[in-house]
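Read the structure below first, then the notes.
The values are calculated or read from the model by the stated rules, or taken from the named source; none is laboratory data. On a predicted model such as this, the values are computed, not experimentally measured, just so you know. Glycine also receives a Cβ, built like all others from the backbone with ideal geometry; neighbour counts cover every protein chain displayed. Side chains included, ligands, DNA and RNA excluded: accessible areas come from the protein's heavy atoms. Shrake-Rupley method; radii C 1.70, N 1.55, O 1.52, S 1.80 Å.
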Amino acid sequence: MNNMRMIPNLQRLIPVLLLAGLLILSFLVLQEFLLALVWALIIAYVTWVPYLWLRRKFKISDTLASIIMTLIITVVILILVLWLATLLQDELQNAYRSLTIYFSKDTVEIPAFIAKIPWLGIQLQDWLTQMISDPDGLNAQLTTWAQLWLGKRTVILGGIGNYAIKLGVVLVTVFFCYRDGEQAENNYTEVLFSFSAKANMSI
């Protein structure tokens with residue numbers, strides 16, 4: 001009798017487990033897209049008032065206003081990226097100058113707190129001394145590191161391309177959020193009102 005009672009429970013549990021597994025797999029597959037969608041919704045929500053002002057001020061269509069706002073956001077993002085890249089380039093140049101001045105000395109000593117570390121301080125000091133006394137060996141070492149970096153350049157470019165694709169998805173989604181935002185809001189409001197009306201009638 002207990003087994004007979006458990007069969008309906010198992011029959012109800014199996015679809016629930018399958019549905020949960022399907023939702024988890026869907027989330028794992030669409031995770032990047034969902035993240036881009038969330039960012040697009042946040043950007044559209046924050047800039048919704050300027051979009052309405054632009055559309056009503058110049059009395060233009062939803063599509064044209066959406067295109068203009070999307071282009072403005074694209075320009076702002078590109079300016080921020082270029083500004084950060086400029087800052088990073090300046091920092092790298094300053095670091096390169098500091099290293100050049102540091103290694104141009106006849107003798108280079110490692111910091112005291114590193115020199116006190118057993119074995120590591122001696123090894124680093126010997127390496128620095130050898131590097132300064134043998135610039136050709138230093139150039140060979142730098143060439144080897146450069147070759148290793150060039151081997152990883154494809155991975156870096158692939159990451160940049162991935163971010164560019166994500167940014168494109170975000171901007172396209174922002175455009176549709178602007179253009180169809182009011183219609184989606186109206187539909188959502190109608191659905192909520194219909195559900196609330198049915199709930200009140202059932203009560």
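Of note:
- Residue 96, sole failed condition from (1) surrounded by 11 or more Cβ atoms within 10 Å (Cβ to Cβ); (2) in a helix (DSSP H, G or I); (3) at pLDDT below 70: (1)
- Pairs with Cβ under 8 Å, 6+ apart, first in region 60-75 and open to solvent by 70 Å² or more (accessible area, probe 1.4 Å), second of a type outside the set (Ser, Thr, Tyr): 67/175
- Filtering region 31-59 to residues that are surrounded by fewer than 12 Cβ atoms within 10 Å (Cβ to Cβ), part of a helix (DSSP H, G or I) and of a type in the set (D, E, K, R) leaves 56, 57.
- Flag for residue 81 being within 24 Å of residue 167 (Cα to Cα), at pLDDT below 90 and open to solvent by 100 Å² or more (accessible area, probe 1.4 Å): no
- Residue 28 being free of Cβ contacts under 8 Å to residues at least 40 places away in the same chain, part of a helix (DSSP H, G or I) and open to solvent by 100 Å² or more (accessible area, probe 1.4 Å): yes
- Residues of region 50-59 classified as over 19 Å from residue 184 (Cβ atoms) and touching a residue at least 60 places away in the same chain (Cβ under 8 Å), total: 0
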